[in-house]
2 protein chains.
Amino acid sequence: MFELPTTIPIQVNSNLYLKDPNSSDLGVKIVAKSIDMINAIGYEEFTIRKLAQAINSTEASVYRYFESKQKLLLYLISWYWSWMEYRLVFATTNISSAKVKLERAICLITDKIDVDEKYNYINLKKLNSIAFTESTKSFLHKEVDKENKIGAYSEYKNFVEKVSDLVLEFNPKYKYPNMLISTVIEGAHLQHHFTDHLPRLTNASSNDNHIQQFFTDLVFKSIITTKK
Amino acid sequence: MFELPTTIPIQVNSNLYLKDPNSSDLGVKIVAKSIDMINAIGYEEFTIRKLAQAINSTEASVYRYFESKQKLLLYLISWYWSWMEYRLVFATTNISSAKVKLERAICLITDKIDVDEKYNYINLKKLNSIAFTESTKSFLHKEVDKENKIGAYSEYKNFVEKVSDLVLEFNPKYKYPNMLISTVIEGAHLQHHFTDHLPRLTNASSNDNHIQQFFTDLVFKSIITTKK
DNA sequence: GCATTTATGATAGTATTGCTATTATATTTG
DNA sequence: CAAATATAATAGCAATACTATCATAAATGC
């Protein structure tokens with residue numbers, strides 16, 4: 001894969017934290033360990049108390065960085081999309097073909113990370129896994145409008161917008177670029193989950209790359225210009 | 001829409017309840033009121049205590065019907081898919097064209113119910129709304145395998161299978177019918193949510209039927225046989 | 001019509017959760 | 001070396017999911 005220069009920081013909307021976790025050891029531990037734990041036990045079972053114990057700190061200290069468990073999740077997901085946007089730029093610069101750029105974007109979206117790489121202290125494989133299974137929980141609830149107002153989903157929306165632009169570059173007349181890309185993103189996440197747990201809902205297995213093939217096929221067949 | 005004979009019961013896997021809610025007044029009240037409440041305040045804010053108070057009963061009594069809040073949700077979602085399968089049969093019987101059958105199935109999947117109709121005591125509009133926003137919560141957690149074992153998702157899988165069969169009837173060589181249909185189902189749910197709350201992720205608005213059009217277009221372009 | 005089963009209500013309780021408040025103690029900074 | 005800041009320690013609160021116990025009402029069988 002790509003070697004990202006780890007000096008360039010991934011930006012996350014500052015409304016999602018009370019105190020920047022990058023600014024201290026404790027902040028770093030909170031983020032790193034929460035990724036470990038959410039990945040291991042899932043968002044529902046994950047608690048701030050368990051997190052605090054795991055890093056030899058206290059609940060009160062964690063709450064000085066993140067005002068709620070939900071905000072911590074939003075922070076992680078936002079970080080993920082910010083990083084994905086970064087990867088997208090790397091995967092598409094200096095490439096002229098709109099088709100190739102879009103193909104690469106779809107791979108980025110649909111492939112699970114299977115190497116245990118890190119970006120600074122962030123375990124990317126685990127964060128990727130969290131994004132796949134927990135990200136819908138960041139917007140499928142009654143607080144979505146309130147959180148949207150403070151910009152909690154901007155990184156996600158920016159990413160969708162950028163890939164949608166690639167769709168329009170390929171076919172400027174296609175009517176539903178954003179729907180298509182958000183469908184591919186959320187669909188790919190779910191298909192991975194189904195492959196692991198509800199295989200009757202898929203036609204993929206964990207040792208092929210049918211999910212990537214399916215969505216690539218889906219996108220290009222949808223946006224290709226056909227003469228009538 | 002169709003007039004369904006309300007005498008034919010919708011079957012739900014009996015592992016999802018301790019005591020059949022159809023067998024008593026209290027059971028009926030539990031199910032009817034939980035649909036009202038989950039629709040109104042969302043699954044997270046919904047509690048068994050609030051439900052019990054709303055129907056002038058007690059928590060302990062509710063727990064005699066459903067062993068957990070999660071099982072109650074699974075019951076509602078299963079009921080929904082059982083009902084959807086029923087609607088699918090009605091929408092496709094006596095129709096010979098595979099294309100028309102599939103078109104009708106996609107409408108069934110992608111359209112939100114906007115008439116306040118009931119099936120016995122079940123408010124279908126509200127249940128439909130719950131299925132759209134809460135159903136991923138029934139399988140996106142660490143207990144999914146355990147619940148799958150007791151058949152919690154059979155109605156969902158059966159429905160997907162039936163629509164996938166229509167895909168294969170249209171094009172027997174298409175490789176990913178189940179992935180396509182589960183993607184359309186979950187994708188349509190999300191697109192409706194995005195339309196209402198995160199419109200930058202869509203190209204639809206609440207007063208058009210772009211979601212239906214988008215997914216119909218997506219499906220047929222994906223499965224159409226083209227000569228090379 | 002009476003005994004017995006069954007369904008519900010009333011009440012209480014447990015462990016855990018998300019989150020807050022207060023105070024003490026380190027550590028950094030000026 | 002004083003003052004500001006960050007963290008830990010401890011306690012607590014209201015709410016949650018869920019359980020246990022017992023009393024009472026209603027339905028059922030004979």
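The values are calculated or read from the model by the stated rules, or taken from the named source; none is laboratory data. What you are looking at is a predicted structure, and each value in this text was computed from that prediction instead of being measured. Neighbour counts are summed over all protein chains in view; Cβ atoms, including those assigned to glycine, are modelled from backbone coordinates with ideal geometry. Side chains are part of the model used for accessible areas, which takes the heavy atoms of the whole protein and leaves out ligands, DNA and RNA. Shrake-Rupley method; radii C 1.70, N 1.55, O 1.52, S 1.80 Å.
Side notes on the structure shown:
- Matching residues in region B:119-131 - criterion: being outside any helix (DSSP H, G or I) and open to solvent by 30 Å² or more (accessible area, probe 1.4 Å): B:120, B:121
Each row is one residue, and each column tells you yes or no for (1) under 30 Å from residue B:44 (Cβ atoms); (2) open to solvent by less than 50 Å² (accessible area, probe 1.4 Å); (3) within 14 Å of another protein chain (Cβ to nearest Cβ); (4) modelled with pLDDT of 95 or more.
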site: B:91; (1), (2), (3), (4): no, yes, no, yes
site: B:117; (1), (2), (3), (4): yes, no, no, no
site: B:142; (1), (2), (3), (4): yes, no, yes, yes
site: B:175; (1), (2), (3), (4): no, no, yes, yes
site: B:179; (1), (2), (3), (4): yes, yes, yes, yes
site: B:194; (1), (2), (3), (4): yes, yes, yes, yes
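- Selection status of residue A:188, outside any helix (DSSP H, G or I) and touching a helix residue (DSSP H, G or I) at 6+ places or on another chain (Cβ under 7 Å): no
- Qualifying residue in region B:45-56 (condition: surrounded by 13 or more Cβ atoms within 10 Å (Cβ to Cβ), of a type in the set (Phe, Trp, Tyr) and more than 10 Å from DNA strand C (Cβ to nearest atom)): yes
- Flag if residue B:50 is modelled with pLDDT of 95 or more and farther than 22 Å from residue B:147 by Cα: yes
- Hits in region A:42-62 - residues which are in contact with a helix residue (DSSP H, G or I) (Cβ under 8 Å, 6 or more places away or on another chain) and assigned to a helix (DSSP H, G or I): A:42, A:43, A:48, A:49, A:50, A:51, A:52, A:54, A:59, A:61, A:62
- Flag if residue A:190 is within 8 Å of chain B (Cβ to nearest Cβ) and in contact with a Leu (Cβ under 8 Å, 6 or more places away or on another chain): no
- Residues of region B:196-228 classified as at the interface with another protein chain (Cβ under 7 Å from one of its Cβ atoms) and in a loop (DSSP other than H, G, I, E, B), total: 4
- Scanning region A:93-115 for residues that are open to solvent by less than 40 Å² (accessible area, probe 1.4 Å) and in a helix (DSSP H, G or I) yields a total of 8.
- The set of residues from region B:21-47 being without any contact (Cβ under 8 Å) to a residue 24 or more places away in the chain and either touching a Phe, Trp or Tyr at 6+ places or on another chain (Cβ under 7 Å) or not hydroxyl-bearing (Ser, Thr, Tyr) (or both) comprises B:22, B:25, B:33, B:37, B:40, B:41, B:44, B:45, B:46.
- Any chance residue A:157 is facing another protein chain (nearest Cβ under 9 Å), open to solvent by 10 Å² or more (accessible area, probe 1.4 Å) and not aromatic (Phe, Trp, Tyr): yes
- Looking across region A:42-84, the residues that are aromatic (Phe, Trp, Tyr), within 15 Å of DNA strand D (Cβ to nearest atom) and within 14 Å of residue A:32 (Cβ to Cβ) come down to A:65, A:66.
- Positions within region A:68-89 being under 17 Å from residue A:148 (Cβ atoms), open to solvent by 10 Å² or more (accessible area, probe 1.4 Å) and in contact with a Leu (Cβ under 7 Å, 6 or more places away or on another chain), in sequence order: A:71
- The single condition among (1) surrounded by 15 or more Cβ atoms within 10 Å (Cβ to Cβ); (2) over 17 Å from residue B:186 (Cα atoms) that residue B:134 does not satisfy is (2).
- The residue list A:95, A:35 contains one member that is modelled with pLDDT of 95 or more, touching a strand residue (DSSP E or B) at 6+ places or on another chain (Cβ under 6 Å) and away from DNA strand C (no atom under 13 Å from the Cβ), which is A:35.
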